[in-house]
Each structure stands twice: as C-alpha cells, then as structure tokens.
Amino acid sequence: MDNHIQASSLKTKDQVISDLKELLELVNDGKEGYHTAAEATESPELKALFAKLSGERIVYAAELKEHIAQHGGEADNDNGGLLGGLHRTWLSIKGKLSSDEDGSLIETILTGEEAVLAKYDELIADFADHADHMELLKEQRDGIQHALNNIELEQY
C-alpha cells in the first residue's frame with residue numbers, strides 16, 4: 001500500500017522540490033549580493049557585516065540542498081538566479097553612481113531581503129506541503145529578519 005497518497009490540494013514531490021530550489025536561488029542571490037556589497041563599501045563595519053551575512057547564506061544554502069536531496073532532488077545552483085544577477089548588477093551600478101554609496105547599497109539590500117522574506121513566508125504558510133522542513137524554514141527566516149534589522153540599524 002502506498003503511504004504517499006496525497007489529496008488533490010497537496011503539492012507533488014516535484015513541486016515541493018521546486019519550491020525549495022526557488023528559495024535556494026534567492027538564498028544564493030543573497031550570498032552573492034552581500035559579497036558584492038562587501039566589496040563595494042568602504043566602511044569597515046559594513047564590510048564585516050556583509051561578509052558575515054554572505055557566510056550565513058552559504059550555510060543556509062547547504063541546509064536547503066540537504067532538504068532538497070531528502071526529497072529526491074538535486075540542487076547544483078551555487079550562484080543564484082538571473083534576477084539576482086540583475087539585482088547585483090543594479091546594486092553595483094547604483095553604488096557607483098550614488099553620492100551616498102553605503103545608503104544606496106543598504107537600500108538595495110533591504111529590497112532584496114524583503115523579497116526573500118516573502119518567499120519564506122509563502123512556504124511557511126504552506127504547512128501541509130513543507131511540514132518536514134518547517135523548523136529549518138522558520139530558523140532561516142528568523143536569521144534573515146535579524147540580518148534585516150541589523151542592516152536597518154546601520155542605515156541610521
């Protein structure tokens with residue numbers, strides 16, 4: 001007897017894997033974005049903060065890859081997605097054109113972080129499909145919210 005019989009409202013295994021891969025892409029975008037921001041700022045405090053947050057995203061990505069593998073998927077993305085690449089390019093250009101480079105970097109990062117939080121919120125709200133990795137999603141979301149709060153404090 002198959003224990004994996006699902007109600008029509010539940011996602012398939014492939015859809016759950018796809019959700020996690022989308023989140024992984026955003027996490028990798030954050031990793032690359034923080035790395036770019038650390039290189040772009042002259043502030044030693046921001047360099048240290050951005051480098052730390054990039055490192056946290058490396059850990060988050062490894063954890064997500066582990067859960068993707070547990071569902072039978074493969075995740076070889078370490079660089080984020082096309083939109084993240086465009087966002088990082090914009091971050092780089094905006095930083096070069098602005099007279100308030102650090103303020104522009106922070107503003108751009110905040111926008112990206114809010115998008116990541118929205119994706120976490122979407123998956124957390126879908127408890128039935130993501131119950132087996134709910135604790136991980138909540139922990140990572142809390143970490144990103146904490147990072148966002150720290151970045152907002154740096155802005156003032």
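Observations
- Surrounding net charge for Leu123, when Lys and Arg each add one and Asp and Glu each subtract one, Cβ distance under 11 Å: -2
- Exposure proxy ranking, count of Cβ atoms within 10 Å, fewest first, for Ser18, Ser104: Ser18, Ser104
- Ranking of Glu114, Glu63 by count of other Cβ atoms within 10 Å, fewest first: Glu114, Glu63
- Cβ-Cβ FRET estimate between His146 and Gln70, R0 fixed at 30 Å, reported to 0.05: 0.70
- The order of Glu25, Glu135, going from fewest to most other C-beta atoms within 10 Å of their C-beta, is Glu135, Glu25.
Taken together, the values in this text are just the output of simple stated rules run on the coordinates, not laboratory data. Note that this is a predicted model, so its numbers are computed, not measured. Don't worry about glycine lacking a Cβ; one is built from the backbone with ideal geometry, like all the others, and counts go over all protein chains shown.
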